[in-house]
Structure formats: structure tokens, C-alpha cells
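Asker: First, the structure itself, so that you have it in front of you.
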Amino acid sequence: MNIFFNLRGTVVRQTAEERAVPEVVMSPPCRSSGSHGDRTSTETLQKNNSSNSGVILDISALKMAEVDTEVPPLPPRYRFRDLLLGDQTFQNDERVQVEFYVNENTFKERLKLFFIKNQRSSLRICLFNFALKILTCILYIVRVGLDNPNSTQSAICRNTSWTNATESPEINWELIFWVNRRVPVWAIQVTVALISFLETMLITYLSYKGNIWEQIFQISFILEMINTGPFIITIFWPPLRNIFVPVFLNCWLAKGALENMINDFHRAIQRTHSAMFNQVFILICTLLCLVFTGACGIQHLERAGKNLSLFDSFYFCIVTFSTVGYGDVTPQIWPSKLLVVILICVALVVLPLQFEELAYLWMESQKLGGNYSRHRAQTEKHVVLCVSSLKIDLLMDFLNEFYAHPRLQDYYVVILCPTEIDIQVRRILQIPLWSQRVIYLQGSALKDQDLMRAKMDDAEACFILSSRNEVDRTAADHQTILRAWAAKDFAPNCPLYVQILKPENKFHVKFADHVVCEEEFKYAMLALNCVCPATSTLVTLLVHTSRGQEGQLSPEQWQRIYGRCSGNEVYHIRLCDSKFFGEYDGKSFTYASFHAHKKYGVCLIGVKREDNKSILLNPGPRHIMAAADTCYYINITKEENSAFIFKQEEKHSKGLPATGLYDAPSRLPVHSIIASMGTVAIDLQQPDPPEESSKLTIPTENGAGSRRPSIAPVLEIADSSAILPCDLLSDQSEDETNQSDEEGSVGSDFVKGYPPNSPYIGSSPTLCHLLPQKASFCCLRLDKGCTHNSFEDAKAYGFKNKLIIVSAETAGNGLYNFIVPLRAYYRPRKELNPIVLLLDYPPDNHFLEAICCFPMVYFMAGTIDNLDNLLQCGIIYADNLVVVDKESTMSAEEDYMADAKTIVNVQTMFRLFPSLSIITELTHPSNMRFMQFRAKDCYSLALSKLEKIERDKGSNLAFMFRLPFAAGRVFSISMLDTLLYQSFVKDYMIAIARLLLGLDTTPGSGYLCAMKITEEDLWIRTYGRLFQKLCSSSAEIPIGIYRTESHMFSTSESQVSINVEQGEEHRECGDCKEKTAHRNSTTSDQSEHPLLRKKSMQWARRLSRKSVKPSSRAERISQQRLNLYRRSERQELSELVKNRMKHLGLPTVGYDEMNDHQNTLSYVLINPPPDTVLELNDIVYIIRSDPLAHMPEDSQVGQARSTRNQQDFGTETRDETHL
């Protein structure tokens, strides 16, 4: 169907009586025949199409050319208006005829489509135009090279009157207006000028929009007329062939053509370069055009003067525009000088504008970060870090941990963040250490363009971190989930490492390769802190990369050994490739663990079968090591970085020649890693010790005949009769049969089973101590009685064990992971501690439904800043108080002030209840120095100096020597961010951490617990003998020691953990009257360490010399007054607490205000050497094997059956225990 549009000249007639709009009538289509009406309509259409004049709309002129069958005409009633307005009577027969046509069918529109609208054809036209302009410039240079001013033919214009009139004795104007142009050059220039002229006129016609003057006065049109008009005139007037034409001005037209060509190219390929590229390109073109114009103009004008060459003119322009101005080449006549002035003025106007635009784009590009080039992405390796807001602490933790591994030194880190880069972050990224390896891109992970800028599809990994400082943590998780989905959709093959805050959101990112849920790890770690002291410090040190060099220059023994042991990490190696464990193929796991520790000092903690993906911690003596097993061990460095040094005696025993005391170390072929990480030399005393050497006799002072005369050897193959029966599964029957009368009312009705209700999807099922029947919600309220009991405070319940109080803002689903590890089946029933949840807001029924099956779990509404709430929840009967960071305080105007309220409240409780062990979670690790703050404690001030020294040395654990952190009293979840970062190199770290914390319970895998060294255990003497004792008797693997030492105060001398060279920096300690001295970790006799005593005495003398006057009676009196003031302050706090207890009707017997922890310091030793001497009250971290793994098949079925019979949870309880 051919339809033509023409809206001009439309005729509309309307009678005065009618007020309706003119009717538009659709006539029935006619057949394709030769009728008169058809021919008339066709002629009318052709006429109107050719004349482009408007006519009346005549729908009857339309014909169906492709319809073969005859179409009957429509009745008169089915007209166009009837189709629009409905069935109405036809009141007027007049018609409005409109002809429709398409503009592109006209010749002008077709030309416009070809020259302007179509991208590809327009690109070809621009390329052709650019080539023409460049050709004209080249022809001008050729003409200048062939021109000789001395032989210029000016006879043609000798008869002109204006030449002699304007001639000057200094300036030969004839040489300026006339040039020597040879005929071939003239012919080519005329041809090019004619083509350019015709093209310019055609483009001007096609782009005409009604204002002819706007087209004429365009700069490009004027330049075209100047450069082409004279050449066209010379065709008709030959005497003007040698007239000068400024053809070099075509360079500006070439610049415009090149810009149009680039724009058309972008439109054609549907891709754009950055604005920075376009602006730099325009600036370069502008500079080139200015220099070329100036060089050609000065050269031509100087034909009448000094007659400079084109190269000299170019040299003069470069020297002038660069503001150097040597002065060896200068213009001689005033026209050329005037041209230089004009060019300088133009440059002063144009170039600053260009540079300003370029500077603005540069600043904006610096904010956005630019792009990560595709070439670099294909040749180099990089990872992408997606965050919602980038803080300096988060950045430094990631970079320090990521680049701590040698094989990641050549990786690039591309940061994709939607916010503008912070000033502090920008300053850090400008450091040469990071500026070449870290690239910041401002953009969103939800945009494919930004992911393409970061080259996500070529990245080795993508880390997606949540913003934990947000008030709404659920909203932060939702953003993280969307980022993970977007990254997975854009780059399905890129490994994802996702950090989630809330456990209920974890199942949305199950597809990620590694997921760390913050609240899961946080609550599980805080729970284990209550039963295994300083578990948070133990795990934090394990997941941080360190070489164990911290504190090695300290004069104090505990800091040196603590810093050395902090370098232990978890590594893995195949048994067949290992020198540590290769000789134990076919031996039991316990045998391999003990002998590897005795021989090499490494602690084998877990293993993984080749055909099984699950890691087993301490699978027990029945696990036989195979060559294909993957071994997981704790050591200062990995085996590949170790040098093995054999003793001379061993070489004699093997028949090897002895050349010296030590043989050359046999290194494994990983030289690059050794060079970057260092080498640990392991002394091999006796690779194959005789069996009798493992029998250790009891010391005479401890031997009373009650113990065996020696420690039993660790067997190579497990003996079923030698393994002690598991007491954990028999705990229930023993409690029922041998329970004393005072314990008959508590704990006799506990059963073991799986919790029937999980508060969120994805929680790992754990066998726990449960109530036979669910407790009513009213019974879970501690401070209010109900119909089932009338207890209103913790004292009324009469708990046998100390309480564990948890202070939190809300009862989130993560709090469920605090209860499960404390009610796990392997915890002895008699050691279960009551749990009291002190919540700012009462929990909902969904959370109560999840915890009502656990025994001795209660909640109470209250806050820690209310003394009455603390007393009602039984704080004087509590052994541990866990203060969880509140979501409402995580965001503050000043970031580091987010912990202010928590720190002050904990400090208040520390003063009110000194004997209470308070475990605090902070938002920022740097704030842990304010925990249990004492302004006049010289020892704490010295530790602060040591922390600054370690930070200056580049340590990632500068805060590790703070006493609250070393003792496990303070914890920050941000310290566990390194767990996710380490997973890029050690993909097993998250699984091992979950097994240690009890978040996952793999059948056959052990669990973390602790045992205390008593006076009866001191006969074992060393950690190595304890290792043998535990492996041979109960198949337990020790991994570390939690040591507590006395911290004595003295007024005569002081020992502090700071190097003697830094002593002059501690002048403020001279005013402190309390001097500290601690007991050595290996002996209490200070005389055994003369160097330590010498340094302490030197510092004491230095402080005494700095004092104004020696100690006098007035100072002693002031010291006594200070002690009196302290006693009065403590008594005042004690009276305050007792008065509130009396007001609440609570007994004051249990309040002990004098017993505190101020005179002790505690620290963690991970995998200490075998010769480490055990001390009284040491707490040993052990990994105990799974009790269910040692049970025969029938006993497991019987246990499951008994558990099922004892539980009465209806259909909600799992009927079987699947192992």
C-alpha cells in the first residue's frame, strides 16, 4: 500500500449552521482495474507527489495492489467517523481529503538520510571530507617547498594601481599577495576546492532550517568560502592563478571533520570512549592547529621580510607557545608580528578553556576511578572488592591480610564502591606500596557497565562485604544479597566470597563459594569464651597472618613467647607429599599427631579423606592415615617454607659421613615463597624414638602412689580395649543412677536430642541437652513469676552453677547460636551454666519457640546501665557477663564514637563488680585500649607504647598486647574479616573455624573444649608430656594454653614491656606511684634473668634521677591519702550496690567487692613448644574426639531409640539421629 503524507494546503469547508468538526470519510477501496476513477486517483497522487503540494484527504484514492480477490464495498454507514464515534446518522456529505506521504521519499530527504542521518554513510562522508582537508594542507606545504620568492612572477598584476600605491620600501607587498604556484599544483588544488565547495553547498542546503543567515555566518562555511572561492574564480580568470590563498586554514576544518567522524563512529559501533579521551583529543587537535596556522602564516608573511623557511617558522611557534622564547628566530615585519600577537591572544583564550575542561574531567574521573583495562585484565590477575562504603580500617585490614601471602603479590585489587572516595582512603591509596596495585572505581555492582569497568568476568574472585555500621543491618544484608546476585548474573564463573550480617539471610547466597555470617560466628565465639576462656583471642590469632615476630624485642618473657606463638596458623598438605606426616602412613591419627608434635613441633588437628569433602577435627585413634589424606596442622609456617636440619648423631646412625655439627638444610623447591616468607629451621632430635623413651616417671615430690609410674605410649594402631569409654553418652544414665540428693531436683529430667525448632533456615543441626517437654513462655521470664513457679530473681531459683548473662539489644536469630554451643551434648550435665538473656526489648514468640526446649535458659527485659536490672538478673551470682554490641550504637557522627556508650557502661560494671568476668564486643578494634582503663597505670601506658612500636613495624596485630584482648575480655567482629580474606588462599579456613566454634557438627569430627591444670597434674611438668598423656589416655589433641600470671605492684622498681632504648619516651610514668612487676612465665625467681632485671633497674634509676626531689615523708603521706581515697571510693561503690539490693529485697551475702582481677594478666599460647613448663591454673585448649564416633552400631541405635522415647515433642521432633 502506497501512503503519502501531505499536510499543506488542506481544504476544510464548514457551513455556518454546523458546529461539528469536518467529517473524515473513508471510501471503500477499489479494485485494481483500469477504470476511469482509478486512473484519475492515480494521476492525482502522482501529481501531488511531484509537486509536493497539499491536497484534501481522499481515502478513496487508496488502492490495494496486492489483493487478488474482489472486496465488496462497505456500506455508507461504515465510515471513518462511524468507526471512531459509533453509529450516527450522516448529516453532512462534505468530505475532508488528506493525502499522506513519507518525507523520505523526496529527493532531499534521501540525500539528508545519506549524508547526515545514517551513521555509516555519514561516517564515510566525514572520512572523505577529512581526507580532502588533509590533502589541501599537504598541497600547501608542497607549494611552499616549491616556491621561490625571488622568482615570483608578478607581471600579470603590474598594471594594477593598488600594488604600487601600497608598496613600502621595507615590505614587499607583492610577495605577500602573490606566490609562485605551478600548474600541476594549481590543477589539483582547483579540483579539491571544487569538490569541497560542492559538498559544502550541498550540506548547507540539506541542513537548512529556515534561517539562511545562520548558515552563512557559520565559521566553517566562511572558511570554506575563503579557501575554495578564489580557486574557482581562477578557472574563469587565469591571471589570478598565482594569488595567495590561505589554504592552511583548512586544518581547522579538518579538526571539525575529525570530531564529527569520531562521533559518527561512536554512533555506528554503539560504544563511546570516555569524556576524558574526547577532551584530550580536542586539546591536542587545537594545539596542532594553532601551531600549524602560526607556522604557515608567519612563513608566508616573512616572504616579504627575512624569508623564513617553514621549519624555522614551526620552530619559532613551538618556542613561543612553550613560553621559552630563545630569541634566535624572530619576525622582522609588522604583519608577521601582528599575526603572532593575534595567535597568542587566541591561545590565551582557547587553551585555558580547554585545560579547564580537561582538569574538571580529570577530577571527575578521579572520583569515578576510570576503568580497569581489558588488556591488563587478560594479562594480569585481579580481584574485585564490592562494598557499600569504604572505611580506612576495612581497607587496611583487607590489604594487609590479602597481600600477606607471597603468591598474591602480583595481584591487583579493584575496589567497586558507589560512594565518592574518602580523603583518608585517597591518601592511603597514594602510597607507592598500594598505588600500583589498588584501583578505586566509583560505581554500583548492580550496573553491568560498572561491572564491565571492573572486568568482573575476568576477575579471580569477588569479595562482597556488608556495611556493619548501618543502623538497619537487615537493609545492609539486602544490599549485599542484590550485589551477590548481580555479580553471579554478570560473571557466573567468578568465585564469590560473601559476608552476611544476619543468619536468616544466609540462605539467599548459598550459591556463593564462601559465606561468612557475622552473627553466627560472633555469638558462637562469645559463648565459647564462657566455657573456654579467650576463645575469641585464640581464633583471632589463628585467622591472622603473622610471622610471629611481634614482641620479640620486649624485655618481658610473657610478651616474647606470646608474640612468638601468635604466629601459628592453620596449613594443609597431602600426606604423601609431607615430610611432617609422610612416615605415619598406615598409623593412627592420634599417633601421627603426637609424634609429629614431638619431632617437628607441629600440631596435627584434622584430616580429610580423598573421597570425602568433610574435614574431621581429631577423628580419633581409630582413623588410620592414608597416603591420599589431606592433613591440617598448626605451625609457625607451612612445611614448604621449612628447612630440615638433622643432627650429627642421626647421620652416624644411618651410616652417613659426618662433616660437621649440622648438615646443609634440604629445602623443598618453593624458593620464591621461602624468600618472601622466611624459613623456619626445625631441629630433629630423634626421628624414631624408642618405645621406652616415651615412658615418663613421676617426680618424687609428687609421687604418692596414686598415679601410674609413667605415661603410657601412644599406640600406632588403636586398641579397642585401651580406649577409655566415652563418659558423655553415659552421662545421662550415670546422672540418673548415681545422682546425689541435692542434685535430684535439677538436671534429672534432661534428655539429648536435636532442637525441634530452628529460628532460621540454614542452621546446622546439633545434638543438645533438651527438656523432655517444652517450657511455657511465661516460665522463661526470669523476673516475673507465673502459675508454674513464683520465682522473681536469680537467687530464688537456687542454681548450682554460676550464671552466664548476655546483654543484647534485641533477641536476634543469631542469639540462638549462643545457646546451642553451651547446651551441646558433649557438655557434661553437671557443668551446664544457666543462661540469662538481658534484652533491651522483649523477644517475640518466634524466638521463644526456638529456645523453650533448652534447659535453664531465661530472659529478662532490662539494660546494663540500670543497676536494678543487673541485680535482678543475678549478676552477683554470675561468672561471665557478655555485652553484645548494639545495632543502634553502631552508627555515630564520629565513627570511633560508636563504642562510647558500651565502653562507659562496661567500665561502670567493672568498678561495681570487680570479680565479674566481662566479655565485651566492640565495633572498632582500636577502642579496646579503653577497656578496664586506668589512667595512672604505668604498665598500661607502657603497653600503649609497645603497641605503637609494633604498628610502626607493620604488624597486623599491633593490639594483641593489650591486656583485655590477650585475656579474651574484649572482641570485635571486624577482626574476623580476615577469615573471609584468608579463604581465598586457604579455602578450608571457614570450615575449620565453624567446627572449632561448634557451628557445624560433622559426624566423626571432634570439638573444642578446655581442661584446667591443677596441683595434681603438675607432675606431668611439660606441654610435650601432657600431649602424650592426653593422646594415650583419652585421644585428645591439645592445641594451646591459656595462662594467667600474678601481677604484683611495687614501689621500688618496675618492669614494663618496652625496650630499654624507648625508655626516655616514658617521662609521664615518673609521676605514677604504682610500679608493676609480674611473675615470669617459667619461674618466679627474677634473678634467673639478669638482663631483664638489669633493664628494669636501669629504668627505675632513670625515673629516680628525673624526679624533682627524693622520696620524703610528705610523699609517703600523700601515698597513704591516695590509698585511703581509693578505699573510700571502693567502699562507697559497695554501699551503693548493697543498698540497691536491700531495696529490691535481695540478700547481700553473695556480693564480694574486694576480689578482682586487677593483679593478674592472662594470655594465649597457641601450639607452644614441647618443652614449655606447665604452671598451676593453666587452661589447656583440647580438641576432643567425637564420642559418637567410638560407639558401635548397635549402641548408636539404642541411644537414638532411648532419646526418641524420652522426648515428648510430638511431631516436631526428629525421630532418628542421622550420623
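Asker: When only residues in the range 897-937 that are touching a helix residue (DSSP H, G or I) at 6+ places or on another chain (Cβ under 7 Å) and among the acidic types (Asp, Glu) count, which is nearest to residue 974 (Cα to Cα)?
Answerer: Here the residue is 921.
Asker: Select from the range 994-1021 the residues that are touching a helix residue (DSSP H, G or I) at 6+ places or on another chain (Cβ under 6 Å) and either open to solvent by less than 30 Å² (accessible area, probe 1.4 Å) or part of a helix (DSSP H, G or I) (or both) and list them in ascending order.
Answerer: Filtering the range 994-1021 for residues touching a helix residue (DSSP H, G or I) at 6+ places or on another chain (Cβ under 6 Å) gives 997-1000, 1004-1005, 1008, 1020.
Those that are touching a helix residue (DSSP H, G or I) at 6+ places or on another chain (Cβ under 6 Å) and either open to solvent by less than 30 Å² (accessible area, probe 1.4 Å) or part of a helix (DSSP H, G or I) (or both): 997, 998, 999, 1004, 1005, 1008, 1020.
Asker: While we're here: State whether the residues of the range 156-171 include one that is at pLDDT 80 or above and either surrounded by fewer than 16 Cβ atoms within 10 Å (Cβ to Cβ) or touching a strand residue (DSSP E or B) at 6+ places or on another chain (Cβ under 7 Å) (or both). Step through it out loud before you land on a result.
Answerer: Of the residues in the range 156-171, the ones at pLDDT 80 or above are none.
No; the residues of the range 156-171 include none that is at pLDDT 80 or above and either surrounded by fewer than 16 Cβ atoms within 10 Å (Cβ to Cβ) or touching a strand residue (DSSP E or B) at 6+ places or on another chain (Cβ under 7 Å) (or both).
Asker: For residue 451, indicate whether it is part of a helix (DSSP H, G or I), in contact (Cβ under 8 Å) with a residue 12 or more places away in the chain and of a type in the set (A, V, I, L, M, F, W, C).
Answerer: Here the answer is yes, as residue 451 does meet what is asked.
Asker: Quick check on the range 811-828: of everything there that is open to solvent by less than 10 Å² (accessible area, probe 1.4 Å) and within 30 Å of the chain's Cα centre (by Cα), which residue is nearest to residue 997 (Cα to Cα)?
Answerer: 821
Asker: Which one of these does residue 434 not meet: (1) touching a strand residue (DSSP E or B) at 6+ places or on another chain (Cβ under 9 Å); (2) in contact (Cβ under 8 Å) with a residue 60 or more places away in the chain; (3) among the aromatic types (Phe, Trp, Tyr)?
Answerer: (2)
Asker: Follow-up. Output the residue which, of all residues in the range 460-481 that are closer than 22 Å to residue 373 by Cα and surrounded by fewer than 23 Cβ atoms within 10 Å (Cβ to Cβ), is nearest to the chain's Cα centre (by Cα).
Answerer: Quick first cut of the range 460-481, residues closer than 22 Å to residue 373 by Cα only: 460-464.
With surrounded by fewer than 23 Cβ atoms within 10 Å (Cβ to Cβ) added as a condition, the list becomes 460-461.
On the way: 460: 14, 461: 11 Å.
The qualifying residue nearest to the chain's Cα centre (by Cα) is 461.
Asker: Taking the range 414-438, which residues are farther than 17 Å from residue 388 by Cβ and under 13 Å from the mean Cα position of the chain (by Cα)?
Answerer: Within the range 414-438, 438 is the sole residue that qualifies.
Asker: Okay, moving on. What are the residue pairs meeting all of these: first residue in the range 848-870, first residue over 20 Å from residue 763 (Cα atoms), second residue among the hydroxyl-bearing types (Ser, Thr, Tyr) and assigned to a loop (DSSP other than H, G, I, E, B), Cβ atoms under 9 Å, and 6 or more apart or on different chains?
Answerer: 861/841; 869/863; 870/863
Asker: Starting from the range 541-567, take each residue that is farther than 14 Å from residue 947 by Cα and modelled with pLDDT under 85 and list its partners that are assigned to a helix (DSSP H, G or I) and open to solvent by 10 Å² or more (accessible area, probe 1.4 Å), counting only C-beta distances under 6 angstrom and pairs at least six apart or across chains.
Answerer: If the second residue must be assigned to a helix (DSSP H, G or I) and open to solvent by 10 Å² or more (accessible area, probe 1.4 Å), the pairs left are 548/564; 555/1092; 555/1095.
Asker: Within the range 330-436, considering only helices (runs of 4 or more DSSP H) that don't extend past its boundaries, which have at least 2 residues that are surrounded by 15 or more Cβ atoms within 10 Å (Cβ to Cβ) and acidic (Asp, Glu)? Walk me through how you get there before you give the answer.
Answerer: Working: elements: 334-368, 374-379, 392-402, 423-429, 432-435.
Ranges flagged: 392-402.
The values are calculated or read from the model by the stated rules, or taken from the named source; none is laboratory data. The model shown is predicted, which means the values in this text are computed figures rather than measured ones. Glycine also receives a Cβ, built like all others from the backbone with ideal geometry; neighbour counts cover every protein chain displayed. When the accessible area is computed, the model is the full protein with side chains, heavy atoms only, and any ligands, DNA or RNA have been set aside. Shrake-Rupley method; radii C 1.70, N 1.55, O 1.52, S 1.80 Å.
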